[in-house]
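Q: Quick one: this structure, given as structure tokens, is what I'll be asking you about.
The values are calculated or read from the model by the stated rules, or taken from the named source; none is laboratory data. Everything numeric here is computed off the predicted structure, so don't read it as measured data. Here the Cβ positions follow ideal geometry from the backbone for every residue, glycine too, while neighbour counts run over all protein chains shown.
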Amino acid sequence: METQIGCGANQLFKRVGTFLRKCLFRVLSVGEIPNHIAFILDGNRRYARKHNLAVEAGYRAGFVSLLSILKYCSEMGVKHVTIFAFSVDNFKRRPHEVQCVMDLMLEKMEVLLKEENVVKQYGVRICFIGSLKLLSEPIRIAAEKVTKATAKNTRTVIFICMAYSSGNEITHAVQHSCIDKLENHSQARKHAKTHDDVNECVEEHEKEGTTMVKLEDVEKHMCMRVAPDPDIIIRTSGENRLSNFLLWQTDSCVLYAPAALWPEIGLWHLVWAVINFQRYHSYLEKKRKQLILPQEQFFTPTISSDCCKQTLKR
């Protein structure tokens, strides 16, 4: 009897909490709701030390907080969420810590695949971004299965950055832009019949600017081209740095750094971040429009064959 009463009370509190959140989010929706929020999950290990827990317990507590935050974002109407789950630099940590994170990721992905209907009910699509080849085969396979299983969902898109660094992303984009330009240039040379035709072709390409790497060339090779630039980045633990995360995409973005460790983050931290975003939204929109300049005003170096050959050799 007491158990039934306790369960009934819990259900009542959950319903009341859901209703209050709906009311809160309705008030927030009077202003601009961010389209894309990115999170740097900082402080799991410090949380474990703070509470005399094993490192694994800290990461598990962080995962519980992540689920709550994702639920709040979905209820609020945020369409895109990016999670900085594991950096390339994190591989430098102690082996047992890296393995702990990898085991937890694999475990949760397998649970996600078993509860596929629940994910479809919430309309969540999950994509993985980063150098996935650096991960173990079981994790890569599980990530591919999760991506495929959620591909048709459209309500909320969650980007999970694993083995990711912004430096690698930018380098990859620039290299492939150079390779594309070199290949186009080579194709044009092949179609030229005489030496004069080759010179004429080169002059024509230079005049049209097709031998130059432009901003749009680089951006189409970025890993995060599939998502709009983030409106807010939330990094817990009070750290005001991006740690090689989305450096290209955050030129006009609100950075919110609460002192709470990641497992301690809650609804009110998210609400306060959105309120700050709404305060600066009109200013940021003006800055974004100012950044949309003619391509000629950006740095667009001429591609040389030698440079591209060196890149290809690497």
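Q: Residue 151 passes all but one of (1) buried (at least 19 other Cβ atoms within 10 Å of the Cβ); (2) not in a helix (DSSP H, G or I); which number fails?
A: Status for residue 151: all satisfied but (1).
Q: To continue, here is another question. Filter segment 156-212 down to the residues that are at pLDDT 75 or above and farther than 30 Å from residue 83 by Cα, then identify the one that is surrounded by the fewest Cβ atoms within 10 Å (Cβ to Cβ).
A: Among them, the one singled out is 183.
Q: Just to be sure, is residue 145 modelled with pLDDT of 90 or more, of a type in the set (D, E, K, R) and surrounded by 14 or more Cβ atoms within 10 Å (Cβ to Cβ)?
A: Yes, satisfied.
Q: While we're here: Going by what's in this entry, would residue 76 be described as farther than 25 Å from residue 132 by Cα and either surrounded by 15 or more Cβ atoms within 10 Å (Cβ to Cβ) or modelled with pLDDT of 95 or more (or both)?
A: The answer is yes for residue 76.
Q: May I ask you to list the residues in segment 97-114 that are surrounded by 15 or more Cβ atoms within 10 Å (Cβ to Cβ), at pLDDT 90 or above and either of a type in the set (A, V, I, L, M, F, W, C) or in contact with a strand residue (DSSP E or B) (Cβ under 8 Å, 6 or more places away or on another chain) (or both)?
A: Passing the criteria: 100, 101, 102, 104, 105, 106, 109.
Q: Let me ask something additional. Give 61, 48 a once-over and let me know the one that is among the small types (Gly, Ala, Ser), in contact (Cβ under 8 Å) with a residue 40 or more places away in the chain, surrounded by 18 or more Cβ atoms within 10 Å (Cβ to Cβ) and farther than 18 Å from residue 161 by Cα.
A: Unique residue meeting the criteria: 61.
Q: Something else about it: Just to be sure I understand the filter: pairs with C-beta atoms under 6 Å, separated by 6 or more residues or on different chains, first member in segment 19-40 and free of Cβ contacts under 8 Å to residues at least 60 places away in the same chain, second member among the aliphatic types (A, V, I, L, M). Which pairs pass?
A: The qualifying pairs are 25/76.
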